[in-house]
Amino acid sequence: MKTRLVIDADRPVGDISPRIFGSFVEHLGRCVYTGIFEPDHPSADSDGLRTDVLELVKEMGVTVVRYPGGNFVSAYDWEDGVGPVQQRPARLELAWHSLEPNTFGTDEFMAWCRKAGVEPMLAVNLGTRGERDAVDLLDYVNGDAPTALAQQRRDNGHEEPYGVTLWCLGNEMDGPWQVGHKNADDYAYLATSTARAMRMVEPSLELIACGSASWEMPTFGDWERTVLDHAYDVVDFISLHRYYDPDVIADDASLVASGVDLDRFIAGMIATADHVKAKKRSDKDIMLSVDEWNVWHLASYEAQAKSFEGWPVAPPLLEDVYTGADALAVGGLLITLLRHCDRVKAACQAQLVNVIGPIMTRKGGPAWRQTTFHPFALAARLARGRAYHAVVETPLVETVRFGPVPAVDAVVTWDAETGRGSLLALNRSLTEAMPVEVDLGALPVEAVASAQLLRPDDLADVNTAEDPDRVAPVGHEVALADGRLTVELPPASWLAVELTGREG
Ligand code: AHR
C-alpha cells in the first residue's frame with residue numbers, strides 16, 4: 001500500500017516555535033567540564049569555551065538551552081558559581097555524586113549562550129531553596145535597578161542585564177531521587193508563590209512549572225492537575241520529560257516507533273491541562289515544554305554510576321554511544337514534537353554534549369557528531385514556519401511494545417515568510433520500503449532543493465572519534481510534479497526534504 005499525505009494549506013497544526021529545537025546543559029558528568037568548557041583545550045577561547053564544540057552547536061541549529069539542571073539544580077547555590085573564580089567554593093554535588101568545582105557558573109553560561117547564538121532557559125532551585133533565592137538570582141541575572149545583586153553582576157564584569165525570559169520552577173520535584181523532593185501540594189504552593197514573587201520583579205517572564213518526571217510516574221495526571229490548580233494563572237508552561245531506553249524497549253521496531261508513545265504522553269498532558277482550564281473557566285491555554293527528551297540507555301547508567309569511588313570531578317557519566325536505530329527514534333520524536341507544535345512551544349533534547357548528547361568530545365581531543373546529531377540538525381534547519389500533518393493512508397507495522405503502529409510518520413512544514421519548507425518522514429518498517437506520495441495542496445512549492453536520507457547500513461552502527469561519519473545522511477531521489485512529491489522510503493529510514501517556492 002502506498003502512503004498518502006494530503007495537505008490543506010489553510011489548516012496548519014500551528015506555528016512552529018523555534019524553541020522546539022532546544023537542548024540542555026547540566027552540571028553532570030562531562031557536559032560542562034571538558035564538554036562545552038575546557039580552558040586547556042587547544043580550541044579553547046579566552047573564556048575557556050571549546051570553539052570546536054561551539055561550531056557543532058551552531059551547525060546543529062540549537063535555539064534554546066536549559067541550564068544548570070536537571071537534578072543538579074535542586075541542591076545548587078547559584079552564588080557559588082559567580083565572582084572571582086579562585087574564590088569560588090568546591091562543593092559536594094549530591095545528584096550525581098561528584099565534586100563541583102564551580103569554575104563554570106551563570107556568567108560563563110551566559111557568555112557561552114551568546115557565542116552559541118542560543119537563548120538561555122534558566123532553572124531555579126526549588127529543592128533546597130525557594131522564593132527568596134529565585135528572586136535573588138533573577139535580580140543578579142536581569143536586574144537593572146541599583147541593587148546589591150545587580151551591582152554584584154556589574155562588579156563581576158557584566159554591565160548589561162542578560163534579559164533572560166524563560167525560567168523553570170525547579171526540576172522533577174515529584175521524583176523521590178530529587179534533593180528536596182515534594183508532594184504535589186507542597187510543590188504547587190512553592191511553585192505558585194515563587195512564580196508570583198518572580199513576576200513582582202518582572203511580570204513578563206515565561207515560567208515553566210514541573211510536570212511529572214515521566215509519564216510512568218504513578219502520580220502522572222494528579223500531579224499536574226494539583227500543580228495547575230494552584231499555579232494556572234501564574235505559569236505559562238508545564239514540563240514533560242521522556243526518555244526511551246533501548247535496553248528496556250528491547251526490539252528495534254518499538255524503539256524506532258517511540259514517537260507513538262510521546263504522542264500519547266503529549267495528548268495526556270494536554271487533556272490534563274485543559275481539564276484544569278475547563279474547571280477554571282479560563283480562556284488561557286497552558287503550553288507544553290518538553291524540556292527533557294531523548295533516547296537514554298538508562299539501565300546501563302545505573303551500573304556505570306556504581307563504578308565510581310569518592311567524589312570525582314566531571315566523571316564520564318551517561319556517555320551513551322548512539323546507534324543508527326537511536327537516530328531513527330530521535331528523528332521520529334522530532335516529527336511528533338512538530339506535529340504538536342500548537343501546544344509544544346519549547347523542547348530540549350537532553351543533553352547537549354557527552355551526557356546522552358548528540359555531540360561527543362575527548363578531553364584534550366576531538367569533538368564529533370553522534371548519530372542522533374543528524375536528524376536534529378536537519379529538522380532544526382528546515383522545519384520553520386507552520387506544521388501540517390496529514391497522513392491519510394499508510395500500512396501498519398507490528399511492534400512488540402506499542403502493537404501495530406502506522407508505518408510512515410511524517411510532517412510537512414512551510415514558512416510563508418521565506419518561501420521555504422520541508423517534508424520530514426520516518427519509515428518505521430525495518431523490512432519493507434514504503435512508497436510515499438504527498439499532495440501539497442495549495443502550498444506554493446516550486447522545487448525540491450535537497451533531500452537527505454538517514455539510513456544506517458546496520459541499525460547497530462555508531463559514530464566514534466575514529467569513525468565519526470559512519471552514520472550520516474546521504475542524498476536521496478525525490479520527485480515533484482503537479483504539486484505532488486513522490487519518494488520511496490527504504491526500510492528503517494528517516495528523510496528530510498528541503499522545499500522552496502514562492503513567499504506568502
Ligand atoms: O538528563 C539527565 C537527568 O534526567 C536530569 O538531571 C533529570 O532531570 C532527569 O531525570
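The values are calculated or read from the model by the stated rules, or taken from the named source; none is laboratory data. This structure is a prediction, so every number in the text was calculated from the model and none was measured. Positions of Cβ are backbone-derived with ideal geometry, glycine not excepted, and every protein chain shown enters the neighbour counts.
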- Message: Pairs please, first residue from region 259-285 and among the hydroxyl-bearing types (Ser, Thr, Tyr), second anywhere and surrounded by fewer than 19 Cβ atoms within 10 Å (Cβ to Cβ) and outside any loop (DSSP other than H, G, I, E, B), Cβ atoms under 6 Å, 6+ apart in sequence or on different chains.
- Response: Thr272/Arg225
- Query: Got at least one residue in region 109-121 being in contact (Cβ under 8 Å) with a residue 40 or more places away in the chain, surrounded by fewer than 19 Cβ atoms within 10 Å (Cβ to Cβ) and among the charged types (D, E, K, R)?
  - Reply: yes
- Query: Got a number for residues in region 201-223 being more than 16 Å from the ligand (Cβ to nearest atom) and in contact (Cβ under 8 Å) with a residue 12 or more places away in the chain?
  - Reply: 8
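I need the full set of residues from region 68-90 which are of a type in the set (Val, Ile, Thr), touching a residue at least 24 places away in the same chain (Cβ under 8 Å) and away from the ligand (no atom under 16 Å from the Cβ), in order please.
Keep residues of region 68-90 that are of a type in the set (Val, Ile, Thr), which gives 73, 82, 85.
In the following step, the residues that additionally are touching a residue at least 24 places away in the same chain (Cβ under 8 Å) were identified as 73, 82.
Val82 - this is the single residue of region 68-90 that is of a type in the set (Val, Ile, Thr), touching a residue at least 24 places away in the same chain (Cβ under 8 Å) and away from the ligand (no atom under 16 Å from the Cβ).
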- Do we find that Thr372 is in contact (Cβ under 8 Å) with a residue 24 or more places away in the chain and closer than 24 Å to Cys168 by Cβ in this structure? yes
- If you scan region 139-166, which residues turn out to be touching an Asp or Glu at 6+ places or on another chain (Cβ under 7 Å) and of a type outside the set (Ser, Thr, Tyr)? Asn142, Leu149, Ala150, Asn156, His158, Pro161, Leu166
- Of (1) in contact with a strand residue (DSSP E or B) (Cβ under 7 Å, 6 or more places away or on another chain); (2) surrounded by 14 or more Cβ atoms within 10 Å (Cβ to Cβ), Ala465 satisfies every one except (2)
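Yes/no per residue for (1) in contact with a helix residue (DSSP H, G or I) (Cβ under 7 Å, 6 or more places away or on another chain); (2) of a type in the set (A, V, I, L, M); (3) within 16 Å of the ligand (Cβ to nearest atom):
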site	(1), (2), (3)
Ala195	yes, yes, no
Arg199	yes, no, no
Ser239	no, no, yes
Arg242	yes, no, yes
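Only one of Glu55, Glu38, Glu26, Glu59 is of a type in the set (Asp, Glu) and either within 16 Å of the ligand (Cβ to nearest atom) or on the phi > 0 side of the Ramachandran plot (or both). Can you tell me which? Reasoning before the result, please.
Details: Glu55 fails: either within 16 Å of the ligand (Cβ to nearest atom) or on the phi > 0 side of the Ramachandran plot (or both); Glu38 fails: either within 16 Å of the ligand (Cβ to nearest atom) or on the phi > 0 side of the Ramachandran plot (or both); Glu59 fails: either within 16 Å of the ligand (Cβ to nearest atom) or on the phi > 0 side of the Ramachandran plot (or both).
That would be Glu26, the only listed residue that is of a type in the set (Asp, Glu) and either within 16 Å of the ligand (Cβ to nearest atom) or on the phi > 0 side of the Ramachandran plot (or both).
Which one of Leu424, Leu430, Leu453 is crowded, with 16+ Cβ neighbours inside 10 Å, outside any loop (DSSP other than H, G, I, E, B), of a type outside the set (S, T, N, Q) and in contact with a helix residue (DSSP H, G or I) (Cβ under 7 Å, 6 or more places away or on another chain)? Please lay out each step first, then the result.
Details: Leu430 fails: outside any loop (DSSP other than H, G, I, E, B); Leu453 fails: in contact with a helix residue (DSSP H, G or I) (Cβ under 7 Å, 6 or more places away or on another chain).
Exactly one residue qualifies, and that residue is Leu424.
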- Item | Filter result for the condition that a residue is under 18 Å from the mean Cα position of the chain (by Cα), crowded, with 24+ Cβ neighbours inside 10 Å and polar (S, T, N, Q), over Thr372, Thr323 | Thr372
- Query: What are the residues in region 1-28 that are among the small types (Gly, Ala, Ser) and either under 30 Å from Asp439 (Cβ atoms) or touching a Pro at 6+ places or on another chain (Cβ under 6 Å) (or both), if any?
  - Reply: Ala9, Gly14, Ser17
- Task: Only residues that are farther than 22 Å from His230 by Cα, among the hydrophobic types (A, V, I, L, M, F, W, C) and more than 15 Å from the ligand (Cβ to nearest atom): list them for region 157-191, please.
- Result: Val164
- Would it be correct to say that Val411 is of a type outside the set (Ser, Thr, Tyr), modelled with pLDDT of 95 or more, closer than 25 Å to Thr3 by Cα and buried (at least 22 other Cβ atoms within 10 Å of the Cβ)? yes
- Query: When Lys363 is evaluated against the numbered criteria (1) surrounded by fewer than 18 Cβ atoms within 10 Å (Cβ to Cβ); (2) modelled with pLDDT under 95, which criterion, by number, is the only one it fails?
  - Reply: (2)
- Task: Return yes or no: is Val65 within 16 Å of the ligand (Cβ to nearest atom), within 25 Å of Thr165 (Cβ to Cβ), at pLDDT 95 or above and outside any helix (DSSP H, G or I)?
- Result: yes
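Determine whether region 430-438 contains at least one residue that is under 20 Å from His374 (Cα atoms) and of a type in the set (Val, Ile, Thr). Before you say what the answer is, go through the steps one by one.
The first filter runs over region 430-438 and keeps only residues under 20 Å from His374 (Cα atoms), leaving 430.
Those left that are additionally of a type in the set (Val, Ile, Thr): none.
Checking region 430-438: not a single residue is under 20 Å from His374 (Cα atoms) and of a type in the set (Val, Ile, Thr).
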- Residue pairs qualifying under the 8 Å Cβ cut-off, at least six apart or on distinct chains, with the first in region 312-328 being at positive phi and the second being crowded, with 21+ Cβ neighbours inside 10 Å and among the small types (Gly, Ala, Ser), are Ala314/Gly29; Ala314/Ser98; Leu318/Gly29
